[in-house]
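Accompanying notes for the structure given below.
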Amino acid sequence: EQFVLPHSRGSSHGQTRIIRKAYKEDFYVHMMEESYKQWAQLEEEAGVKLYRQTGLLVMGPEKSEEYQLVKTKLQNNNIPVVILNRDNFNQHIPGVHLSEGHGAMVEVTAGLLYADRALRTVQGQFQKLGGTIRDNEKVTDIKPGPLVTVSTSAGVYQAKSVVITAGPWTNALLAHTGLQLPLEVVKINVCYWKEKVPGTYDVKRRFPSFIVTECEETKEHIYGLPANEYPGLMKICYHTGSPTDPDQRDRQTDRSDIDILQRYVARCFPGLIPEPAVVESCMYTLTPDHLFVLDCHPSHNNIIIGAGFSGHGFKFGPVIGKLLSELSLGEVPSHDLSPFTIGRFQAMSKSSL
């Protein structure tokens with residue numbers, strides 16, 4: 001880890017993340033089923049609360065492909081879901097305007113993960129099991145071979161296999177191995193909006209997390225979490241951002257996403273002041289299809305790559321760790337990794353010619 005832990009320079013910091021099974025892809029639904037179990041196991045082993053059930057309100061154009069796919073996948077996988085209609089929406093979800101033509105459903109068992117706490121817990125359990133965390137130590141070189149040689153600002157290490165999970169710095173490290181992936185790093189403005197009446201959207205009042213698949217302001221996702229980490233402030237964010245250099249991200253000052261959010265909040269969340277009270281930042285590392293990369297290096301199968309989590313990877317953390325471990329040990333992965341191969345990018349580039 002190149003920075004001193006804990007830090008806010010990457011993609012995993014912050015107090016909360018949404019945890020959900022509401023996906024349009026079956027493979028993500030199945031991975032999340034295992035991930036929920038592993039988060040629960042970690043809670044039990046460490047004696048720490050990491051998950052809070054809030055439910056997830058999913059809204060979007062009722063006849064759109066994505067909305068219908070999410071609805072179908074939840075129902076087909078027997079995941080508890082409540083379908084709302086325009087007549088009963090405000091009875092269940094007060095303080096939110098449901099757009100004309102939009103459907104709404106609540107994934108009952110979804111909620112939030114206490115992200116910073118989860119990181120501390122994972123690191124603590126890792127150390128209890130004999131693992132060593134070396135922070136404030138930047139990787140400066142990776143030399144492939146039967147033994148992979150990793151040079152850092154503090155020393156040189158060798159191992160039979162190496163797993164690279166460097167987030168926005170993935171390509172900088174892969175350059176040493178002769179590989180570049182089509183990853184785009186974007187800066188995300190993490191916005192918190194003040195309640196006009198304190199408690200309106202509070203987690204203690206069982207207000208749900210939410211995702212809007214698309215709306216009149218944008219075709220991109222907008223998502224939010226109930227007021228929790230900052231009393232009286234609800235987190236609502238735009239699920240993409242502007243390209244940035246991870247080492248210079250503070251120079252990226254584009255606010256076009258905040259303009260979109262202001263219009264959305266003013267229209268759909270009348271109980272919030274439509275001007276962010278707090279703006280923080282993080283980074284996403286996007287793949288062209290927003291699917292993960294979980295694969296071996298195409299030329300060096302003892303270098304394993306986990307990357308391109310595209311702003312929705314945190315909740316998968318335990319199962320991703322397990323899969324990367326299986327790859328590094330030469331075991332058969334416990335989930336089908338064909339959606340996450342590096343080879344798919346070659347097929348994409350050919351099809352776009």
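Some observations on this one:
- Across the chain, Cα-Cα pairs more than 28 Å apart make up 45 percent of the total.
- Straight-distance crosslink candidates among lysines, where the alpha carbon sits under 25 Å from K128 and sequence neighbours closer than 8 are dropped: K37, K49, K138, K160, K315, K322
- In this structure, the amide hydrogen of V278, modeled 1.01 Å from its nitrogen in the peptide plane, lies closer than 5 angstrom to those of Y192, counting only residues at least 5 positions away or on a different chain.
- Over the chain: helical MRE at 222 nm, DSSP H runs n ≥ 4 each giving -39500 (n - 2.57), nearest 500: -8000 deg cm²/dmol
- Spin-label pair E66-R205: with each label point 7 Å from Cα along the Cα-Cβ axis, the two points sit 2.9 nm from one another.
- Computed FRET value (nearest 0.05) for T341 with Y230, which takes r as the C-beta separation and R₀ as 41 Å: 0.55
- Sorted largest first, extent of region 1-132 alpha carbons per principal axis (Å): 54, 29, 26
- Highest average packing first - 114-121, 62-69, Cβ atoms within 10 Å: 114-121, 62-69
- Förster radius 41 Å - calculated FRET efficiency between Q248 and V156, Cβ distance, rounded to 0.05: 0.90
- Rounded to the nearest whole Hz, the Karplus-based 3J(HN,Hα) values (6.51 cos²θ - 1.76 cosθ + 1.60, θ = phi - 60°) of region 28-36 follow the sequence 5, 4, 5, 5, 5, 4, 6, 4, 4, with x at glycine and proline.
- With Cα atoms, 0 to 90° folded angle of helix 115-128 axis to the chain main axis: 30 degrees
- FRET efficiency for the pair V4 and D141, taken as 1/(1 + (r/R0)^6) with r the Cβ-Cβ distance and R0 = 22 Å, rounds to 0.55.
- Seen from every direction in turn and averaged, the convex hull around the alpha carbons of region 128-264 projects onto 12.5 nm².
- Helix 317-328 and the longest principal axis of the Cα set of the chain meet at an angle near 20°.
Values quoted throughout were computed directly from the atomic coordinates according to the rules given, and no laboratory measurement underlies them. None of the values given here were measured: they were computed from a predicted structure. We place every Cβ from the backbone using ideal geometry, glycine too, and count neighbours over all the protein chains shown.
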